Structure formats: structure tokens, C-alpha cells
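Participant: Have a look at the structure that comes next, please.
The values are calculated or read from the model by the stated rules, or taken from the named source; none is laboratory data. Every value quoted in this text rests on a predicted model; they were computed, and no experiment measured them. Counting neighbours? That spans all protein chains shown, and the Cβs are built from the backbone with ideal geometry, glycine included. What goes into the accessible areas is simple: the full protein's heavy atoms, side chains included, and nothing from ligands, DNA or RNA. Shrake-Rupley method; radii C 1.70, N 1.55, O 1.52, S 1.80 Å.
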Amino acid sequence: MLRGFLFLLLLSCSRVGLGEETVMFIRDDVLENYTKFVGDSDVLQIDNFESEFIRRDVVEMVLVQQALKLGGLNINFVYAPGRVNFRNTRLLEQGKLLLSFDSYWRSDAQTIADSVYMSEPVIRAGEYHAGIFASPEHPTIFTLKTLSDLEQYSAVSTPRWKTDWHTLSALPLKELIREDEWVSQANMVSKMYIDFIIMPFFANDNDIYELETIRLRHVPNVAILLNDSRHYVISKKHPLGAQAYQAINKGLAILRRDNRIVRAYRQAGFFIDTEQYTILNQ
């Protein structure tokens, strides 16, 4: 109840003038990592992404703010936490949210193209490789080495993420189970109700992902290619939408020219050395 009240209060208080406050709704765990990563630093000046708190989502929160600034648009963002995966999409379509700090698959963004602008890619097609993550207590999955080994295992995802679902559907799985909320997906895998989930790689010495009671470990030396590009989406109905779209594209071009996008993802552990991995579906 309190979180719902906070949501409505922040939404009603959002101001859209240049240099004014714009509310952004960020998933709880992502916001926690972002806050710890940024600390007292000026987010617009960050150029080193090596940190125990870094992950793809956090990299993209930083890059989009830098792109906007480099593109000539100054916005002060206020963050509100919550489980917001698909609520954000509705707010974008309604013009109540300026943009998404978390990139969208091109295939997902195209389904709402009437309501949103799609930026130039922040992750290009062929660059996104996901790890296979399972409970650290799983008895057999960590010896998985080949595509045919997947036949004995179940996975979880949602068709709302078209690229993830399409990719997993093409694998020789024992079963693909639908669950629309990411935290619920991860929890089911952590408890070994389902064998695995695919997740972005990240920099971590022990290869363990932890969130509250959830513990997941990635299967070594194998990866899955998700062959689609990812883009920031900006609401066409928001008063700053057109300006933000132009600014983001201008800023992304500068970041790309200076190799800052690829370097950030590599430092975060998201971009892997594909020569060191078996890409199961390639």
C-alpha cells in the first residue's frame, strides 16, 4: 500500500521542464547496486565500470545519462524503487514515463513502436551472450558441455521477452516454463523447482549471483547467443520525448566513437571473450 502511494505521489510530482526533476522507476535490486556503485561520484564522469556492484542494468543506467548529457539535454532524475518490469512499458506508452533506463530487445520495442522511439543500439546484434545459471546445489548441470546436454534440463522465461523466449524455444530442452516476473523465475531456479535460467554475465570472483534468499551460479565455459540488438526506448507522448530521443542518439554516437560502450560492458564482465566459451546455439 505504501509503495503504491509513493508511486502515485512521485508520478504526480514529476516535472518536465529542462533541468527539472523526472521520476524514473527502477527495480529494487538494480537501484541498490546502482546506488552502491555510483556512491558520491558524478555519474556523468564515470569511465571505470570495474566494481562488485556492477551489472548490465547498472551500466545502462550510467550510459543513458551520459548519452543524454553529451547530446545536450540536462535532466535531473529522481529514482523510485519497485518491481517494475512491465509497468514501465505501460507508463511509456501513456507518456507518464520519459524513457527506460534498461534497454529493450529490438523485437520487444517494435511491438510498441506506435508509442515509443527506439534509439540506436546500445548492444548490437551478435554481442549479447547469456550464461546458464542454476542453483549452486544442482547435482549435475555444472558438467553441461554440449547442446545435446540440454535435453535433460528445464528452463524458465517469459514470451513477453521475445528474444529470450524465441532463443530458448529453439533449444532442445526437457521443458520451457513460463513465468512473467524475473524475481519469481530466479527464485524457482534457486529452489531447484526448475533447472536453469539464462542471465547476463557479470564480474564476480566466485561466479555466484545473490539476491536476498536467491543464490545462482553460472555453468562454466558455456554460453547462449541471444541474436538481437538492444535499444533505449523513449516515450513519444512525453513532453520531452522528441528531445530525449535526439539527444540519446547523438550521445550514443559519441560514446560509440570513443569505444566507451564496449569498454564499459567488458569491464562489467558482461561482454565475454567468446574464444574462451562454447556458444551452444551457434
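Participant: I need a count of the residues in segment 160-197 that are in a loop (DSSP other than H, G, I, E, B) and either at pLDDT below 95 or crowded, with 19+ Cβ neighbours inside 10 Å (or both). Show your work before the answer.
Facilitator: The first filter runs over segment 160-197 and keeps only residues in a loop (DSSP other than H, G, I, E, B), leaving 160-161, 170-174, 179-181, 191-195.
Restricting the remaining residues to those that are either at pLDDT below 95 or crowded, with 19+ Cβ neighbours inside 10 Å (or both) gives 160-161, 180-181, 194-195.
The number of residues fulfilling the criteria is 6.
Participant: Any residue in segment 232-244 that is among the basic types (Lys, Arg), modelled with pLDDT of 95 or more and over 20 Å from Met24 (Cα atoms)? Reasoning before the result, please.
Facilitator: Filtering segment 232-244 for residues among the basic types (Lys, Arg) gives 236-237.
Restricting the remaining residues to those that are modelled with pLDDT of 95 or more gives 236-237.
Okay, now just the ones that are also over 20 Å from Met24 (Cα atoms), so none.
Within segment 232-244, none of the residues are among the basic types (Lys, Arg), modelled with pLDDT of 95 or more and over 20 Å from Met24 (Cα atoms).
Participant: Now for a separate question. Quick test of your reading of the structure: Asp149 fulfils all but one of (1) part of a helix (DSSP H, G or I); (2) within 23 Å of Ala253 (Cβ to Cβ). Name the failing condition by number.
Facilitator: Checking Asp149 against (1) part of a helix (DSSP H, G or I); (2) within 23 Å of Ala253 (Cβ to Cβ), the one that fails is (2).
Participant: Quick check on segment 121-140. Is at least one of its residues part of a helix (DSSP H, G or I), at pLDDT 95 or above and surrounded by 14 or more Cβ atoms within 10 Å (Cβ to Cβ)?
Facilitator: Just the residues of segment 121-140 that are part of a helix (DSSP H, G or I), to begin with: none.
There is no residue in segment 121-140 that is part of a helix (DSSP H, G or I), at pLDDT 95 or above and surrounded by 14 or more Cβ atoms within 10 Å (Cβ to Cβ).
Participant: For segment 249-263, check the following and say yes or no: at least one residue is within 18 Å of the chain's Cα centre (by Cα), farther than 20 Å from Leu99 by Cβ and open to solvent by 50 Å² or more (accessible area, probe 1.4 Å).
Facilitator: yes
Participant: Considering each residue of segment 198-219, count those that are over 16 Å from Trp182 (Cα atoms) and exposed (fewer than 15 other Cβ atoms within 10 Å of the Cβ), and give that number.
Facilitator: Summing the residues that are over 16 Å from Trp182 (Cα atoms) and exposed (fewer than 15 other Cβ atoms within 10 Å of the Cβ) in segment 198-219 gives 3.
Participant: Mind telling me which of the residues Glu52, Glu93 ends up being in a loop (DSSP other than H, G, I, E, B) and either acidic (Asp, Glu) or touching a strand residue (DSSP E or B) at 6+ places or on another chain (Cβ under 9 Å) (or both)?
Facilitator: On the way: Glu93 fails: in a loop (DSSP other than H, G, I, E, B).
Being in a loop (DSSP other than H, G, I, E, B) and either acidic (Asp, Glu) or touching a strand residue (DSSP E or B) at 6+ places or on another chain (Cβ under 9 Å) (or both) holds for just one of Glu52, Glu93, which is Glu52.
Participant: May I pose another question? Sort out which residues of segment 226-248 are surrounded by fewer than 18 Cβ atoms within 10 Å (Cβ to Cβ) and either part of a strand (DSSP E or B) or not hydrophobic (A, V, I, L, M, F, W, C) (or both), and write them in order of number.
Facilitator: At the first step, the residues of segment 226-248 found to be surrounded by fewer than 18 Cβ atoms within 10 Å (Cβ to Cβ) are 227, 236-237, 239, 242, 246.
Result: Asn227, Lys236, Lys237, Pro239, Gln246.
Participant: Those residues that are in contact with a helix residue (DSSP H, G or I) (Cβ under 8 Å, 6 or more places away or on another chain), assigned to a strand (DSSP E or B) and β-branched (Val, Ile, Thr), I need them from segment 200-225; list them, please.
Facilitator: Matches in segment 200-225: Ile214, Ile224.
Participant: List the pairs whose first member sits in segment 135-147 and is under 17 Å from Met188 (Cβ atoms), whose second member is at pLDDT below 95, and whose Cβ atoms are under 8 Å apart, counting only residues at least 6 apart or on separate chains?
Facilitator: Pro136/Ile208
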